[in-house]
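Contents: one structure, followed by commentary.
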Amino acid sequence: GEEGGVRLWHLVKATEEAEGAKVRRSSLRDRERERSRAKAIPEIYLTRLLSMKGTLQKFVDDTFQAILSMNRPVPIAVKYLFDFLDELAEKHGIEDPETLHIWKTNSLLLRFWVNVLKNPQLIFDVQVSDNEDAILAVIAQTFIDSCMVSEHKVGRDSPVNKLLYAREIPRYKQMVEKYYADIRQSSPASYQEMNSALAELSGNYSSAPHCLEALRELYNHIHRYYDQIISALEEDPVAQKMQLACRLQQVAALVEYKVTDL
């Protein structure tokens, strides 16, 4: 780096910086020197990469196993969501298993877990250095590749992070498939159970500092598709019994027009 003249590389080769981990060089001369050194002794960098990968391998395996394991009861929200997606596929005659796989992957593994793997500071009180951010980007990309239904193909021109975990990705793919299958075979989560769980969470965290802000963000998403949601609620038999369309209109009136006597 600019201070001390030392730069660390682990799961990212010297010529391939992960996005978000680019460090400014002091001069064009430094960049040329870096390129020539990387071209001259690529075997040294590859050896270091493989050595660090071996050091981290157990931790990566344990993390993926914890994410994709049914050792503990699956969260009721996950079970309810996946059952809902299964019902949607059946309702609309979608028989392609890849489509359902993509739905579930986009709604949980890519939406939530990749973000956590890439940004542990969202959950833990830690500071992530540029070097650690680059390492986590490689691990997160490996997780993404493991969730894809397409075959993971690599060649001589593939990025080094794709080559590093090429052997492990088929095994990780099997873990993802088994995870989805195990959730599907687990005990169903009823609407009443889900509603009860949400009510409990709502009561526990209603006084949290950012509760109102979270509700505002949720309403902003609803507002974007307000007409479609109202129409769907008016047509759905269950929603009609619970008068959900009317209740949503009351919420909208309260938020948009500051009505307090509903």
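The values are calculated or read from the model by the stated rules, or taken from the named source; none is laboratory data. Because the structure is predicted, anything quoted here is derived from the model rather than measured. Note that each Cβ is placed from the backbone with ideal geometry, even for glycine, and that neighbours are counted across all protein chains shown. Quick note on the areas: whole protein, heavy atoms, side chains included, nothing else; ligands and nucleic acids left out. Shrake-Rupley method; radii C 1.70, N 1.55, O 1.52, S 1.80 Å.
Descriptive notes on the structure:
- From the Kirkwood radius over Cα pairs of segment 78-201, Stokes-Einstein at 25 °C and 0.890 mPa s returns a whole-number translational diffusion coefficient of 147 µm²/s.
- With DNA, RNA and ligands ignored, accessible area of L233 (1.4 Å probe; Å², nearest 10): 40 Å²
- Positive dipole terminus of segment 207-261, leading residue within Q240, Y257, H210 (C-beta point charges): H210
- Solvent-free Debye scattering, log10 I(q)/I(0), computed from the Cα coordinates of segment 114-262 at q = 0.12, 0.15, 0.20 Å⁻¹: -0.89, -1.07, -1.23
- Dipole magnitude for segment 45-165: about 380 debye, using +1 per Lys or Arg Cβ and -1 per Asp or Glu Cβ, origin at the Cα centre.
- List L254, L108, ordered by accessible area with a 1.4 Å probe, largest first: L254, L108
- Accessible-area order (highest first, 1.4 angstrom probe) of the listed residues D227, D133, D157: D157, D227, D133
- When each of K79/K162; K53/K79; K79/K118; K91/K162 is checked by Cα-Cα distance, pairs over 29 Å: K79/K162; K53/K79; K91/K162
- Check: segment 140-262 dipole with +1 on Lys, Arg Cβ and -1 on Asp, Glu Cβ, in debye: 580 debye
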